[in-house]
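The values are calculated or read from the model by the stated rules, or taken from the named source; none is laboratory data. Everything numeric here is computed off the predicted structure, so don't read it as measured data. For neighbour counting, all protein chains shown are included, and Cβ atoms are generated from backbone atoms with ideal geometry for every residue, glycine included. What goes into the accessible areas is simple: the full protein's heavy atoms, side chains included, and nothing from ligands, DNA or RNA. Shrake-Rupley method; radii C 1.70, N 1.55, O 1.52, S 1.80 Å.
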Amino acid sequence: MILQTQNLVCGFNKSSPVLEGIDFSVAKAEIIFILGPNGIGKSCLVQTLSGVISPIAGEAPHLELSAMERAKLASYCAQEVIESSDLLVENYLSLITPTHKSLFDLVVKELEIKPFLSKSLIKLSGGERQRVRLGACLLQDSKVYLLDEPTNSLDPKPIQNLSRLLLELKELSKSSVIVSHDLGFAINTGTRFIGIDQKRILFDCDQSTLREKKLLDQLYSVNFNWAQVSDSRWALC
Amino acid sequence: MLICILLLLFVSLLNVSLGSADLEFLKLFNSDIFWQLRLPRTLTAALAGAVLALCGQITQILFRNPLATPYTLGVASSASLGALLAMSFGLSWSLVSLSALGFSLAGIALLALAFSLKRISSTTMLLLGVSLNLFCASSISVLQVTSGKLDLSMFLGWIMGSVSVVGYDAVLFLILPSIVIIALSFWLYRPPALISIEGDFAVTRGFNPAHIRYLLLFFTTVAVACLVTKLGPIGFIGLVVPHFSKRIFKSDLKKQMFGNLVLGALVLILADLINRVCFSGLGLPVGVITTALGAPALAIILWRQNLN
């Protein structure tokens with residue numbers, strides 16, 4: 001297990017926890033999607049896992065690690081956008097450690113960052129900035145990536161590229177824990193799906209169970225139809 | 001960068017050679033005026049300007065806010081309050097310095113405590129600093145009016161900030177905290193650079209953003225408090241110079257930091273030079289000049305920034 005939590009209680013305020021009794025673990029080469037309606041505490045969970053906020057109770061041994069060790073274990077990409085910094089993209093990316101050349105090349109190629117490496121962050125468009133932020137997260141050579149709404153402000157093509165990149169990283173036995181409201185992206189990228197509702201984990205399953213048991217319908221109170229586009233691709237409508 | 005360094009050397013040279021006593025160069029070189037007045041004065045100005053500008057940049061980075069400086073955070077005014085309190089009790093200079101240092105550290109500790117008790121945003125922390133600043137400023141006014149033991153003209157000269165030192169006391173006093181903050185900010189370079197982009201979310205980058213903020217803020221406070229005690233709160237350099245250096249040394253933080261050292265020194269020596277040459281009869285403290293030049297300069301920068 002790369003990452004494990006036991007009976008984790010998360011929230012911004014001790015008196016009113018957002019999530020309770022969260023037990024889950026991340027193994028090698030998994031892509032886990034955290035799903036649930038708006039404001040249910042998905043971001044709160046990844047913020048706790050990454051160490052932005054401390055857990056109210058429960059165990060998460062990786063949070064006891066030193067900052068250096070934690071960086072080798074996990075890399076986090078927050079939902080919040082970068083504030084105006086006039087540093088160049090390449091300067092920003094050069095600050096990320098640990099990383100190595102092949103990982104750098106793979107990430108820069110898949111996210112198509114090369115054309116604006118020598119632009120300053122402040123001059124990028126929203127989508128370009130999001131790709132740089134994802135790049136800065138993914139090229140850190142960690143075992144698990146914690147991504148909060150990675151597809152925000154991305155067009156369909158960069159979303160496809162991101163999906164492919166995450167699967168390639170999975171082949172390198174890296175894992176991802178992703179919060180997303182983009183269900184099309186989720187069902188075609190994820191290997192495991194965790195649904196959160198009413199402060200607890202509602203389900204934790206693979207894609208076929210998610211589809212067959214109509215778990216998404218229950219989670220979002222919407223009737224979804226799963227349409228098979230090709231061998232491995234599905235569309236929700 | 002080279003141009004800035006050459007300019008700095010040129011202005012320093014002017015500052016040591018010009019003054020109310022008009023001496024030939026050789027004579028000057030052998031005189032006490034050079035060794036005991038102008039050289040230490042120029043060195044003090046260089047050191048103070050460089051450190052103020054760098055500390056301004058560090059605080060702006062740590063708070064990701066272009067208005068954050070040790071002054072807006074209340075470091076300088078709590079140091080002033082500490083110094084003034086000690087002065088009004090008629091204590092010796094070393095106790096005055098100690099009191100200034102103690103007060104400014106207490107001010108920052110108060111902010112840090114507020115930050116750790118409640119998860120407040122860096123903007124809120126900055127606003128708390130501003131209120132600390134205002135509180136100290138009003139306490140200073142009260143003391144000024146009520147304290148009988150205070151030499152008001154001396155105090156007024158001090159509160160505007162001045163580099164008119166005699167001998168090397170000030171230089172020796174300031175050199176250690178200056179070296180520490182300069183070395184620390186260049187050595188630590190990576191964490192503050194990442195904080196400037198990712199803020200408190202830089203938690204998986206191999207350092208703790210809160211710890212880095214406390215550490216740098218602590219040494220910034222010590223350096224600025226030492227400056228304030230010795231020279232008075234010299235205004236505006238920490239706020240304006242980082243904006244200049246941002247414009248000139250775009251997009252490379254290390255160059256910006258180095259640029260701040262050079263430009264900060266340059267600006268303060270220049271202000272001192274203008275003060276001594278143009279207003280020699282008035283005996284104005286140099287802080288008046290930096291503020292009088294700094295305020296319009298900041299306005300122009302912000303105006304142009306908005307136009308872009």
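Quick notes on this structure:
- Surface accessible to a 1.4 Å probe, A:LYS28 within the full protein complex, Å²: 140
- Helix runs (DSSP H) in chain A reaching 15 Å along axis by Cα, Kyte-Doolittle at least -1.0: A:126-138, A:156-171
- Alpha carbon centroid spacing (whole Å) that separates the range B:50-101 from the range A:122-151: 39
- Relative contact order for chain B: 32 percent, from Cα pairs under 8 Å spaced at least 6 residues apart, divided by residue count.
- Residues whose amide H comes within less than 5 Å of that of A:PHE224, counting only those at least five positions distant or on another chain, are A:ASP217 (H built at 1.01 Å from N in the peptide plane).
- Rg to Rh, two decimals, where the range B:185-297 supplies the alpha carbon set and Rh follows Kirkwood: 1.06
- Using only Cα coordinates, the Kirkwood hydrodynamic radius of the range B:28-180 works out to 17.0 Å.
- Long hydrophobic helices in chain B: the complete DSSP H runs spanning 18 Å or more by Cα along their own axis with mean Kyte-Doolittle hydropathy of at least 0.5 are B:2-17, B:39-63, B:75-88, B:93-117, B:122-146, B:169-188, B:209-231, B:253-278, B:286-307.
- Considering only alpha-carbon pairs that sit under 8 angstrom and 6 or more positions apart, the relative contact order computed for the range A:1-148 is 26 percent.
- Between B:LEU127 and A:LYS101, the distance separating the two model label sites (each 7 Å from Cα on the Cα→Cβ line) works out to 5.1 nm.
- Distance from the range A:209-237 to the range B:159-223 (C-alpha centre basis), Å: 54
- Cross-link pairs A:LYS114/A:LYS157; A:LYS143/A:LYS199; A:LYS114/A:LYS143; A:LYS123/B:LYS246; A:LYS109/B:LYS254; A:LYS119/B:LYS246 - those with Cα-Cα distance over 21 Å: A:LYS143/A:LYS199; A:LYS114/A:LYS143; A:LYS109/B:LYS254
- Shown is the FRET efficiency for A:GLN79 and A:ASP155, computed with R0 = 22 Å from the Cβ-Cβ distance and rounded to the nearest 0.05: 0.75.
- Accessible surface of the protein assembly as shown, 1.4 Å probe, proportion on carbon and sulfur as whole %: 62
- Principal axes of the range B:225-290: Cα extent on each, largest first, Å: 43, 27, 14
- Over the range A:137-234, the hull volume per residue, using the convex hull of the C-alpha atoms, is 123 Å³.
- Compactness ratio for chain A: Cα radius of gyration over 2.2 N^0.38 Å (N = residue count) comes to 1.00.
- When only Cα pairs below 8 angstrom with a gap of at least 6 residues are kept, the range B:7-142 shows a relative contact order of 23 percent.
- If you run the Gaussian network model on chain A, springs between alpha carbon atoms under 10 Å, then out of A:LEU95, A:LEU111, A:LEU138 the most flexible one is A:LEU95.
- Gain upon complete extension [B:ARG247, B:ILE179; 0.36 nm per residue less C-alpha separation]: 21.9 nm
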